[in-house]
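Novice: Structure incoming, see below.
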Amino acid sequence: MKSVVTTVVTAADAAGRFPSTSDLESVQGSLQRAAARLEAAEKLAGNIDAVAQEAYDACIRKYSYLNNAGEANSTDTFKAKCLRDIKHYMRLINYCLVVGGTGPLDEWGIAGQREVYRALNLPTAPYVEALSFARNRGCAPRDLSAQALTEYNALLDYVINSLS
């Protein structure tokens, strides 16, 4: 799993050099933000079911036609799968918060997602809406400290951009 540390060391090793000053500054910045990331990870882990459900509900409110017969959310099985997918993205965001990099999202969430959604004829806009709702719902200091919310939102933006 990629993190800032493994990325820096791997890049330096591939170039046959020691990590540069800017490499080390990148690692140092990541370590300085670790407490905020872990705060966000802990809060998300403790509320993942509620966060995913609220995000799912928001996307279905906006795209209610998906509940129509033959659409992507028309059966209980499809509804469960949509909620599962949202929860999967949230879990990967949690992993990214812990490791301090986008590796889990890159490897397990983003790689191949467009091909999968295209093959299954699933629209990505509802996922974007769900994740945007989760992003916009967060509030500092009610939910998280300002820095923890920034770390969390950056990863939500990363997934949203990959789906857009």
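The values are calculated or read from the model by the stated rules, or taken from the named source; none is laboratory data. Predicted, not measured: the structure shown is a model, and the values here were computed from it. Don't worry about glycine lacking a Cβ; one is built from the backbone with ideal geometry, like all the others, and counts go over all protein chains shown.
Novice: Before we move on, is L155 buried (at least 17 other Cβ atoms within 10 Å of the Cβ), assigned by TED's automatic domain parsing to the domain that holds C59 and part of a helix (DSSP H, G or I)?
Specialist: So L155 fits the description; yes.
Novice: Can you name the residue in segment 18-32 that is surrounded by 11 or more Cβ atoms within 10 Å (Cβ to Cβ) and closer than 18 Å to L155 by Cα and, of all such residues, is nearest to the chain's Cα centre (by Cα)?
Specialist: S30
Novice: Name the residue, out of A58, A15, A35, A41, that is among the aliphatic types (A, V, I, L, M), more than 16 Å from the chain's Cα centre (by Cα) and under 16 Å from L156 (Cα atoms).
Specialist: A58
Novice: Check whether at least one residue in segment 67-76 is in contact with a Leu (Cβ under 8 Å, 6 or more places away or on another chain), assigned to a helix (DSSP H, G or I), surrounded by 20 or more Cβ atoms within 10 Å (Cβ to Cβ) and not assigned by TED's automatic domain parsing to the domain that holds T7, and report yes or no.
Specialist: Looking for residues that are in contact with a Leu (Cβ under 8 Å, 6 or more places away or on another chain), assigned to a helix (DSSP H, G or I), surrounded by 20 or more Cβ atoms within 10 Å (Cβ to Cβ) and not assigned by TED's automatic domain parsing to the domain that holds T7, one finds none in segment 67-76, hence no.
Yes/no per residue for (1) more than 15 Å from D49 (Cα to Cα); (2) not hydroxyl-bearing (S, T, Y):
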{"residue": "E71", "(1), (2)": "yes, yes"}
{"residue": "T75", "(1), (2)": "yes, no"}
{"residue": "I93", "(1), (2)": "no, yes"}
{"residue": "T102", "(1), (2)": "yes, no"}
{"residue": "L105", "(1), (2)": "yes, yes"}
{"residue": "W108", "(1), (2)": "yes, yes"}
{"residue": "Q113", "(1), (2)": "yes, yes"}
{"residue": "L120", "(1), (2)": "yes, yes"}
{"residue": "T124", "(1), (2)": "yes, no"}
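Novice: Output the number of residues of segment 32-41 satisfying the condition of being touching a Gly at 6+ places or on another chain (Cβ under 8 Å) and either part of a helix (DSSP H, G or I) or among the aromatic types (F, W, Y) (or both).
Specialist: Here the count works out to 2.
Novice: Separate question: Before we move on, is Y95 of a type outside the set (A, V, I, L, M, F, W, C), surrounded by 14 or more Cβ atoms within 10 Å (Cβ to Cβ) and at pLDDT 95 or above?
Specialist: yes
Novice: Would you check if there is a residue in segment 58-68 being of a type in the set (A, V, I, L, M, F, W, C) and under 16 Å from S3 (Cα atoms)?
Specialist: No, segment 58-68 has no match at all.
Novice: Which of the residues that make up segment 82-133 are within 13 Å of the chain's Cα centre (by Cα) and hydroxyl-bearing (S, T, Y)?
Specialist: Y89, Y95, T102, Y127, S132 - these are the residues of segment 82-133 that are within 13 Å of the chain's Cα centre (by Cα) and hydroxyl-bearing (S, T, Y).
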